[in-house]
Amino acid sequence: MDEAEFESCDKPAPFKKLMFGLAFFNAVIQERRKYGAIGWNIPYQWMTSDLIFAQQNLRLMINEQPSTPFEALNVIISDVVYGGRVTDAQD
């Protein structure tokens, strides 16, 4: 993500904070893959496109809503974008 894209949101304060959380979340799930069955029961293939799609959704929802829709962002990003690949109940 370049600086222009990072500054492109209409509400920069919540966007930057949530973007940090999203990047951290993405790093954690990517790092867990290194531990094999201890990290994930099934080796899921998350890609950079998942992070980019989540970033775009984050910017879109923050720009279009009068207040930050935390619950909607949680469902869309964790359950739909990233959780859509998870098939094992233990993961």
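Tabulated results
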{"item": "Shape of the stretch 42-91, Cα gyration tensor, a/c cut at 1.5", "result": "oblate"}
{"item": "Angle in degrees between helix 48-64 and the longest Cα principal axis of the chain, rounded to the nearest 10", "result": "30"}
{"item": "Residues whose placed amide H lies under 5 Å from that of Cys9, excluding near-sequence neighbours", "result": "none"}
{"item": "Cβ crowding within 10 Å averaged over residues, with 48-56, 34-42 ranked highest first", "result": "48-56, 34-42"}
{"item": "Size of electric dipole in the stretch 35-91: Cβ of Lys, Arg +1 and of Asp, Glu -1, about Cα centre, debye, nearest 20", "result": "140"}
{"item": "Tilt relative to the chain, helix 12-32 - C-alpha long axis, 0 to 90 degrees, to 10", "result": "10"}
{"item": "Per residue solvent-accessible surface (Å²) - the chain, probe of 1.4 Å", "result": "65"}
{"item": "Leading residue at positive end of dipole, the chain (Cβ point charges), from Cys9, Gly39, Phe53", "result": "Gly39"}
{"item": "Partner aspartates and glutamates for Lys16 [C-alpha distance under 17 Å; skip if fewer than 8 residues away on the same chain]", "result": "Asp2, Glu3, Glu5, Glu7, Glu64"}
{"item": "Value of relative contact order over the chain, rounded to a whole percent, pairs C-alpha under 8 Å and six or more apart", "result": "33"}
{"item": "Percent accessible area from carbon and sulfur atoms, the chain, protein chains only, probe 1.4 Å", "result": "59"}
{"item": "Within-15-Å neighbourhood charge of Met1 [Cβ basis; K, R +1; D, E -1]", "result": "-2"}
{"item": "Cut-off 13 Å between beta-carbons: net charge of the residues surrounding Pro69, Lys and Arg +1, Asp and Glu -1", "result": "0"}
{"item": "Structure-derived Rg and Dmax of the Cα atoms in Å - corresponding label in (i) 16.8, 48; (ii) 14.2, 42; (iii) 13.5, 45", "result": "(ii)"}
{"item": "Helix-derived mean residue ellipticity, 222 nm - over the chain, DSSP H n ≥ 4, -39500 (n - 2.57), to 500", "result": "-16000 deg cm²/dmol"}
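The values are calculated or read from the model by the stated rules, or taken from the named source; none is laboratory data. Everything quoted here is computed from the prediction, not taken from an experiment. For neighbour counting, all protein chains shown are included, and Cβ atoms are generated from backbone atoms with ideal geometry for every residue, glycine included. Side chains are part of the model used for accessible areas, which takes the heavy atoms of the whole protein and leaves out ligands, DNA and RNA. Shrake-Rupley method; radii C 1.70, N 1.55, O 1.52, S 1.80 Å.
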